[in-house]
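So the structure is just underneath, and the comments pick up after that.
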Amino acid sequence: MAPHTYTISRLAYVKLLLHAAKYPTCTVNGVLLTSSPPGVTDVVVSDAVPLLHHWTSLSPMMEIGLDLVGGYAEDAGLRIIGYYEASERADETSLGPVGDRVVSKIKVSNADAVALVLDAQALSMGEAGLLPYTASPSLKAIPNSFTSPPPTAPSADSKHSPTFHLAETDLPARTLRAIEERTVQEELGDFDDHLEDVRIDWLKNPKVTATAEKL
């Protein structure tokens, strides 16, 4: 079977970076969604839902948040494809025990589950700044797996390992510029924010969607 290729959409990438930028002194996490059907090898990560920046352990809030995202995804014709995490430490790119457990849970119904961990140092150098972890056959990091532009033919390495790429190669620079110049990260709300103010639509984040479309 051919290895999977994962495309990270503009919306999913922007939401992930804004979540990390809004809470730079906290570990943040969220869920990745796809519109791609099960069984395909070309998977589009079409959206991301920001979960937590306070209760990032395996807490009841995490379980409730995951259940709510699952219901939202089903209603929207999407499925949960993975998990993302950004550490409060800029030099930390390992996937913590919580991420391991969440991805393992997602894998039960989605064999192509993945995790993306923010690599702040790589991001600062103009790279995608994401370290992927795949859950098949076992959860492990896939370094140097982001390609730019997307490969038109598999390389020797990619014949057996999944590859990842951003939908648009200049997304890191454009997103960071919007964060620095317009502080657009303040438009984003996660499940923790929703628990403090129920008016915050953490599942859809319509303001962020509109911002991403204009980047």
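The values are calculated or read from the model by the stated rules, or taken from the named source; none is laboratory data. Not measured: the values here are computed from a predicted model. So basically every Cβ, Gly included, is an ideal-geometry build from the backbone, and we count neighbours across all protein chains shown.
Residues that are closer than 22 Å to Pro24 by Cβ and surrounded by fewer than 22 Cβ atoms within 10 Å (Cβ to Cβ) within segment 100-117 are absent altogether. The numbered conditions (1) part of a strand (DSSP E or B); (2) farther than 18 Å from Ala12 by Cβ are all true for Thr93 except (1). Consider segment 22-63 and keep the residues that are under 22 Å from Arg101 (Cα atoms), exposed (fewer than 14 other Cβ atoms within 10 Å of the Cβ) and not small (Gly, Ala, Ser). The one that is modelled with the lowest pLDDT is Leu58. Residues in segment 169-199 that are crowded, with 17+ Cβ neighbours inside 10 Å and in a loop (DSSP other than H, G, I, E, B): how many? Qualifying residue count for the region: 3.
Of the residues in segment 88-109, at least one is more than 22 Å from Ala210 (Cβ to Cβ) and in contact with a Cys (Cβ under 9 Å, 6 or more places away or on another chain).
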